[in-house]
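Beneath this line is the structure, given in structure tokens, with notes to follow.
The values are calculated or read from the model by the stated rules, or taken from the named source; none is laboratory data. Bear in mind that the values here come from a model prediction, so they are computed numbers and not experimental data. Please note: Cβ atoms are built from the backbone with ideal geometry, for glycine as well, and neighbour counts cover all protein chains shown.
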Number of protein chains: 2
Amino acid sequence: MDKVRFGIIGLGSQGLYYASELFGKGIINNGVLSAVCDVDVAKTDILKKRMDTAGIRFFSDYTEMLDSGCVDAVLVESPHYLHPPTAVECLKRDIHVICEKPAGVYTGQVREMNEAAAESGALFTMMFNQRTISSYKRMREIIGSGGIGRLQRFTWIVTNWFRTQSYYQGGGWRATWAGEGGGVLINQCPHQLDLLQWVLGSMPVSVRAVCDYGKWHDIEVEDDVTAFLRFENGATGVFIASTGEAPGTNRFEVSGSGGKLLCENDSLKYFKNKVDSLEFSKTCERGFAAPECELVFEETGASGPQHAFIINNMADAVLGLEPLFIDGREGIKGVELMNAMELSGWKDGAEIRLPVDEEEYLEHLNIRRAASRFDPSAKSRVEDTSGAFGGVKLG
Amino acid sequence: MDKVRFGIIGLGSQGLYYASELFGKGIINNGVLSAVCDVDVAKTDILKKRMDTAGIRFFSDYTEMLDSGCVDAVLVESPHYLHPPTAVECLKRDIHVICEKPAGVYTGQVREMNEAAAESGALFTMMFNQRTISSYKRMREIIGSGGIGRLQRFTWIVTNWFRTQSYYQGGGWRATWAGEGGGVLINQCPHQLDLLQWVLGSMPVSVRAVCDYGKWHDIEVEDDVTAFLRFENGATGVFIASTGEAPGTNRFEVSGSGGKLLCENDSLKYFKNKVDSLEFSKTCERGFAAPECELVFEETGASGPQHAFIINNMADAVLGLEPLFIDGREGIKGVELMNAMELSGWKDGAEIRLPVDEEEYLEHLNIRRAASRFDPSAKSRVEDTSGAFGGVKLG
């Protein structure tokens, strides 16, 4: 195999972006786009306007594409509910999968996908492109190596996801329980929910959340969330997300007994205590003293190779040139966090212990799906997503 | 009356500071210190070492001081539980009162103080010196005049109250339910809890909180709090406080449909939208667009005349030269917030509607007072409080 032959399932904004901006511009070194699939054949016209589609086969049924023999790997860009079943079909055929975030809508379906991945001979990864951003990588390294001592608190304000009402009218599936499975948590925040546990190096043991539904927009799902997390070691954290505020904030602060990391927009600051603050507290004889602290570094201009990296990595991994950067099965963690926040919101802020009860979650979700205003017949609009990915610029 | 004659009840760190640093250095223009009172007569020796005490009478019983005829106004610097009953004794005698924060430990006793103030011929104010800080004044003015449109959210991280274990051993009353009535909320945060409602211009309708008790120190009260507030118009907010983190953060962000205010350390930034974001959301035809926004100003070096202003204002108000800056009865608002957070913490994060049920609160508090490790016989240590007032430098 010279180059890995990729297929894209789902030509929404994201699928079209990968096709025309990454494959179309030769950014995927060891991969070529050999097929695309969308139930809406009009999408192929949009693609043809954006790039030279010579050599690309078009399908409207993705299993036909998988069975055609013309793809080695697939980018799953279908609606959220379909990510797991679509990925499972690929994995069963030993076709490698890059699954778009979120891994799924509820953990039960993601677990099934993970089981299929474990049994498959194919590679499986998640499009967690924000894991390639230097600030988050540095934070993870510093925390993982004990650079801020014992974890005490995180606060992540992610309110820079402003969306207009028009955005929500761009697709019948958008912001509906039956079509999308949630709001800001499932659509805008999968990156942050993944990064949260990846950067901190652990999942919380419990979650409480207050979710407001259709607070800033005429939608049925949540567009404003405040969540409180507790970790095994007692550390706590707050996660705040909204699509109704402008100008928003993207500020992720993590504090520990050894210091503090502050990531705001594209800047990362690392403050380090000369002595551990909890040790200092026990031994210092003055009441108002605090340990000496230094700013170890401030880095600005955080960036990363983003989506292109994830696709290049898959191609290279298939060719045996490098290991997979992300084990796709980790996608369940962000879905777990999202499910815990939604469930707590539905249960008036009750404390939800992790892992979330799969059946209880699905039961609550299904009540909302049954009453959903989702219109399966509504056509999706393709959005100009330039500058739309919240906070950190895409590479 | 040429100059208003002040008495100080309680020569702890704060009482000594007012005596020697403000009165002793002639900073109170229209006031003189004519008497001080402390049950611990050894405190008078400390005062004598710090200032010339000629003309100052010493008392160990504050009612004797009030009845001596040598004071027109009093600074109430006793332990928290005693603020209301002490102030009531002053007000009953038509002696003007500057009450140290907090106004009291529970709203029931503060309500009684407020009733005494309403019936008294004397003036009554609270030592809310942080209301004199320019940043907070500007924030209140901008929000009050509609400068950020409809209030949507606040986030106030106040984790720069680091205290060592030694601090908590400096007085038998400290950080005990029976001696002090609470932890970080009642000792360190009364300023922020007052400023919160003063800056925003309204009280929340409900509060939820998670409080951790003795998390970072060997104490019985809370030293780590995360609270969630909801306002009448649907706006929400998070208030985070700790005495166990270093380096801490003091960052107060308030966002609305018209823009955002960001007060961090001694800097204030005001971002203003060219059009209201909620209006923009309804009318814009693009999904990913956001209203244009400008940084109207960034002010640094926030400062204020602080404690000296409050005492000078009282002297001038007594002399009829200016109105009182703060109606002391407003002190109940911060106590209400604190009580709501404590009660929610005790009730496992339950939503507490305001106003807090006075009787329910006292019942819960009394259970903790009965089991408290408070040692009334322990002597208090006088602390060097330089640089201890968290975040904003004192003037």
Note to self: Here is a list: A:G146, A:G121. Which entry is more than 14 Å from chain B (Cβ to nearest Cβ), at positive phi, part of a loop (DSSP other than H, G, I, E, B) and surrounded by fewer than 23 Cβ atoms within 10 Å (Cβ to Cβ)?
What the structure shows: A:G146
Next item on the list: May I ask you to list the residues in the range A:1-43 that are in contact with a Leu (Cβ under 9 Å, 6 or more places away or on another chain), modelled with pLDDT of 95 or more and part of a loop (DSSP other than H, G, I, E, B)?
Entry: A:K3, A:G10, A:L11, A:G24, A:I28, A:N30, A:D38
Next item on the list: Residues being within 7 Å of chain A (Cβ to nearest Cβ) and in a strand (DSSP E or B): count how many of those fall in the range B:270-290.
Entry: 2
Note to self: Tell me yes or no: at least one residue of the range A:53-61 is surrounded by fewer than 24 Cβ atoms within 10 Å (Cβ to Cβ) and assigned to a helix (DSSP H, G or I).
What the structure shows: no
Check: If you check A:R174 against the conditions, is it under 19 Å from the mean Cα position of the chain (by Cα) and over 30 Å from A:R230 (Cα atoms)?
Finding: yes
Item checked: Exclusive hit being modelled with pLDDT under 95, under 24 Å from the mean Cα position of the chain (by Cα) and on the phi < 0 side of the Ramachandran plot, set A:P79, A:P85 -> A:P79
Note to self: Can you find a residue that is more than 30 Å from A:H364 (Cβ to Cβ), among the basic types (K, R) and modelled with pLDDT of 95 or more anywhere in the range A:153-172?
What the structure shows: no
Notebook entry, point to check: Within the bounds of the range B:169-185, is there any residue that is closer than 30 Å to A:D223 by Cβ and either of a type in the set (A, V, I, L, M, F, W, C) or free of Cβ contacts under 8 Å to residues at least 60 places away in the same chain (or both)?
Noted result: no
Notebook entry, point to check: From the set of residues in the range A:296-308 that are surrounded by fewer than 18 Cβ atoms within 10 Å (Cβ to Cβ) and not acidic (D, E), which is farthest from the chain's Cα centre (by Cα)?
Noted result: A:V296
Margin query: Residues to consider are A:D38, A:D2; find the one that is crowded, with 20+ Cβ neighbours inside 10 Å and over 22 Å from the mean Cα position of the chain (by Cα).
Written below: A:D38
Next item on the list: Consider B:R138 carefully, then state whether it is surrounded by fewer than 22 Cβ atoms within 10 Å (Cβ to Cβ) and either outside any strand (DSSP E or B) or away from every other protein chain (no Cβ under 14 Å) (or both).
Entry: yes
Check: Taking the stated definitions as given, is A:F325 surrounded by 22 or more Cβ atoms within 10 Å (Cβ to Cβ), at pLDDT 95 or above and either among the aromatic types (F, W, Y) or touching a strand residue (DSSP E or B) at 6+ places or on another chain (Cβ under 8 Å) (or both)?
Finding: no
Note to self: Restricting to the range A:99-113, give me the number of residues that are among the polar types (S, T, N, Q) and in contact with a strand residue (DSSP E or B) (Cβ under 8 Å, 6 or more places away or on another chain).
What the structure shows: 0
Checklist line | Contacts under 7 angstrom Cβ, first residue in the range B:305-327 being under 17 Å from B:E100 (Cβ atoms), partner at pLDDT below 95 and buried (at least 16 other Cβ atoms within 10 Å of the Cβ), 6 or more apart | finding: B:Q306/B:L394
Notebook entry, point to check: Just checking, how many residues over the range B:201-222 are within 26 Å of B:C263 (Cα to Cα) and free of Cβ contacts under 8 Å to residues at least 60 places away in the same chain?
Noted result: 1
Margin query: Taking the conditions exactly as written (without any contact (Cβ under 8 Å) to a residue 24 or more places away in the chain, out of contact with any Gly (no Cβ under 9 Å at 6 or more places or on another chain) and farther than 29 Å from B:E119 by Cβ), does B:K269 satisfy them or not?
Written below: no
